[in-house]
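Nothing in this text is a laboratory measurement; each read-out follows from the coordinates by a stated rule. A quick note: this is a predicted structure, and the numbers were derived from the prediction, not measured. Methodologically, a virtual Cβ is constructed for each residue, glycine included, from the backbone with ideal geometry; neighbour enumeration extends over all protein chains shown.
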Amino acid sequence: MVIYKDQLKKLLEFRERAREHLVVSLYLNVTPPRPFLSELRSLLHARRVQLHEHAHENDLPKAEIRAVEELFDRIEARVEEIERGLERTRLLVIFADPEGFWQEYRLPVALPSRLVVEPDPYVRPLTVLLDEFDRYCVVVTDARKARLFSLYLGDFEEHPDVFVEDDVPDRVSASRSVTRAAGSGVWGGLGDLRVQRHIEDHVHRHLKRVADLAFRFYQETGFDRLILGGPEDKVLPWLKDHLHSYLQQRLAGEFHARPEWNEAKLKELALEVAQRWERRCEEELIERLLEQAKPGGKGVLGLEPTLEALMLGQVHTLVVQNEFRAQGTLCRNDHYLSTYLEKCPLCDGEMEPVEDLVDEMVEEAIAQGAEVEHVFTDHEGFTEHGVGALLRFTL
Ligand SMILES: [Zn+2]
């Protein structure tokens, strides 16, 4: 199971540590039908040649070069091994060092393939992309039991340590204890109502505990959104009343289920809620973009205007339809991008053709410190443009 929060924390801690060895950072665009294995091999080969050529000027000891080359072999073997398991992935990210540090990430959004060998891991593109996706906490409860899950990038993981089973009386045992508490049967016709209240008290206590556990989980993990599952009765409305206001503000939706249902079914229902929520967030973003793209507003739509704004450093948020592709050209010297230019206007060098100009634009936006938002479903008024941007300023 992959919940990247802890992994990312380790990566950032690793980055802070002083190291004696080089770190390899691989961003591999595995969007089908790319021949990504052969792309990887040529990236590794080119870097091998460079390492040897520049060994002297960089003062690299032979043993260090050998260690990095061994890492290259392990990375190649690893990608061969998982090649067939990457259908839902568009970007594979690996960080590794000769002392045994190794991390992998799989993302549903792409960047250009890139291999970086430096004293530090090349972390920023990964953190920007991961930030785009909400981390959900999913609480499934009934009147007695509760289970808690994390949902992130399609991975659904249970946290069994926060499983709750409270001793809520059923009608018969409650009736007995209420009768005992009341002395003898003096309450006559009121008995039923009292029994019901007694049970409800227990249910409220249980739900209060569930709400507290969810809040503690929030303080520990800092999830973005909360999804609730429960039976079609009073349980969910009551649970919502008990939730901390922070969590009430983070509610993304709810579904009907029972805690004893199997994990696959619960995952399916939680995913539906998450997708509805994400779709709504996308709609709000697109609405804002279309509004700003009107004359006098701070927004642009379409490949050419967006690229122009990006090259001028105007972009605040780059918005990309995840399936949108466009060919273009690129100057390797200064990462100048164009849809058609053959000569770079900055350095007068040759521009080389690129298959995925949009991926290059995402990379450039990240390098400029802009935000990136990928849009996964069709939206009227935006899909035909494929790309757009909210701007910091207009010229
Ligand atoms: Zn140039």
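Results, tabulated for the structure shown:
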read-out: 2 or more residues among the basic types (Lys, Arg): qualifying strands (runs of 3 or more DSSP E) within segment 55-157; value: 145-152
read-out: So Glu16, is it touching a residue at least 24 places away in the same chain (Cβ under 8 Å), loosely packed, with under 14 Cβ neighbours inside 10 Å and not β-branched (Val, Ile, Thr); value: no
read-out: Wholly within segment 289-349, strands (runs of 3 or more DSSP E) carrying at least 3 residues that are within 17 Å of Val362 (Cβ to Cβ); value: 315-321, 328-331, 336-338
read-out: Residue list for segment 314-354, restricted to those being within 16 Å of the ligand (Cβ to nearest atom) and within 29 Å of the chain's Cα centre (by Cα); value: Gly328, Leu330, His335, Tyr336, Leu337, Val354
read-out: Looking only at segment 129-172, and only at residues there that are free of Cβ contacts under 8 Å to residues at least 40 places away in the same chain and within 19 Å of His242 (Cα to Cα), the one that is nearest to the chain's Cα centre (by Cα); value: Phe163
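Yes or no, residue by residue, for (1) in contact (Cβ under 8 Å) with a residue 60 or more places away in the chain; (2) among the hydroxyl-bearing types (Ser, Thr, Tyr); (3) over 21 Å from Lys298 (Cα atoms); (4) surrounded by 13 or more Cβ atoms within 10 Å (Cβ to Cβ):
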| position | (1), (2), (3), (4) |
| --- | --- |
| Gln327 | no, no, yes, no |
| Leu330 | no, no, yes, yes |
| Ser338 | no, yes, yes, yes |
| Cys344 | no, no, yes, yes |
| Glu352 | no, no, yes, no |
| Glu380 | no, no, no, no |
| Gly388 | yes, no, no, yes |
